[in-house]
Amino acid sequence: MKSIRARLAAFLIVCTIGVTCTACGKNSEESNSTSDAASNSSVDADSSDAAAEDDNDSDSDSADSESADDSESADADTNADDDDAESADGEMIKQDMTISDYVVEESSSDVPVNEGVSTNSSDSSSSSSDSNSSNTEDDGTYTPSVAGKLLYWLDMSQKEDYVFNGDFIDVTFRVKDDAPDGNYTIGIGECDFANYDAETVTYTTVDGDIAVGSAEKLETGTPSGDGTIQIVCETTEAQQGDEITVRFNMSNNPGIVALIFRFTYDQNALEFVSYDVGEDCADFIDLA
């Protein structure tokens, strides 16, 4: 049982390791900057060679000391994360749902509308463009730019699986004022679901759509495939300048204690505003 809890704890640690690595990178940059500044200030044209050597040795020792302190601090942060994940032998292994950006790879053509609702369980491939880029080129061709959000959650504190279905996640977007009329896909990327026995739970997803302006609203899709959990993003419609909430519904959930959920949208036409846990799942999932 301890190995099961450890595997699920690792599930959360993988989600947070990016934050730890970023902190380590920043500490390293600050250490290098301090070392360079100290080294430059130690050189004095009017000082003797012996004095310059003493200063350089002193600066080197100081830089080494600061680097060691930063390294120890980073190790302490990592150890703290591990301690939190395994505290009380699994009694308090819990992470409220958190959202962050993630790199999206998506192949797309320069067209103003999407074909419709599609079924998938993974990301496409090709790099997304800058979120500040214009959505129309000089020749009038619209260029989509795909952005992504990642949500993760883990709760083993009750030592049992949580079964919840229905309104799963509600995401609010603002339609940009210069977004051309058309259908904009709200995609579901690669996800992960796990139960208390550290078993992966399979899933099937269906993308959603926002019909903007004069575009025709599409029908919400029906899931297909062998996945156990089914997540369907609803379709909706809006006008330029509107704030619109898109709902992700979950069904056939056999019970889970951890998840990683990704969704994508066209950031040249839509601006992410906020997200909430759906009312049917709010009793089981807390927001950070």
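Below is a table of values for the structure above.
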| quantity | calculated |
| --- | --- |
| Single condition residue 116 does not satisfy, out of (1) open to solvent by less than 30 Å² (accessible area, probe 1.4 Å); (2) in contact with an Asp or Glu (Cβ under 9 Å, 6 or more places away or on another chain); (3) at pLDDT 50 or above; (4) within 26 Å of residue 223 (Cα to Cα) | (3) |
| Every residue from region 192-210 that is under 30 Å from residue 240 (Cα atoms) and either within 20 Å of the chain's Cα centre (by Cα) or part of a loop (DSSP other than H, G, I, E, B) (or both) | 205, 206, 207, 208 |
| Residue ID - farthest from residue 238 (Cα to Cα), chosen from residues in region 269-283 that are touching a residue at least 12 places away in the same chain (Cβ under 8 Å) and either among the charged types (D, E, K, R) or surrounded by fewer than 16 Cβ atoms within 10 Å (Cβ to Cβ) (or both) | 283 |
| Selection from region 232-250 of residues that are more than 23 Å from the chain's Cα centre (by Cα) and outside any loop (DSSP other than H, G, I, E, B) | 236, 237, 238 |
| Some residue of region 205-213 being open to solvent by less than 60 Å² (accessible area, probe 1.4 Å) and either within 19 Å of residue 154 (Cβ to Cβ) or of a type in the set (Ser, Thr, Tyr) (or both) | yes |
| Output for region 216-254, where each listed residue is of a type in the set (A, V, I, L, M) and either surrounded by fewer than 16 Cβ atoms within 10 Å (Cβ to Cβ) or free of Cβ contacts under 8 Å to residues at least 60 places away in the same chain (or both) | 229, 232 |
| Residue under evaluation residue 176, criteria (1) in contact with a helix residue (DSSP H, G or I) (Cβ under 9 Å, 6 or more places away or on another chain); (2) open to solvent by 10 Å² or more (accessible area, probe 1.4 Å); (3) at pLDDT 95 or above, criterion not met | (1) |
| Which numbered condition residue 153 fails, given (1) at pLDDT below 60; (2) under 21 Å from the mean Cα position of the chain (by Cα) | (1) |
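The values are calculated or read from the model by the stated rules, or taken from the named source; none is laboratory data. As the structure is a prediction and not an experimental result, all values here were calculated from the model. When we count neighbours, we look across all protein chains shown, and the Cβ atoms used for this are built from the backbone with ideal geometry, even at glycine. With ligands, DNA and RNA removed, areas are computed over all heavy atoms of the protein, side chains included. Shrake-Rupley method; radii C 1.70, N 1.55, O 1.52, S 1.80 Å.
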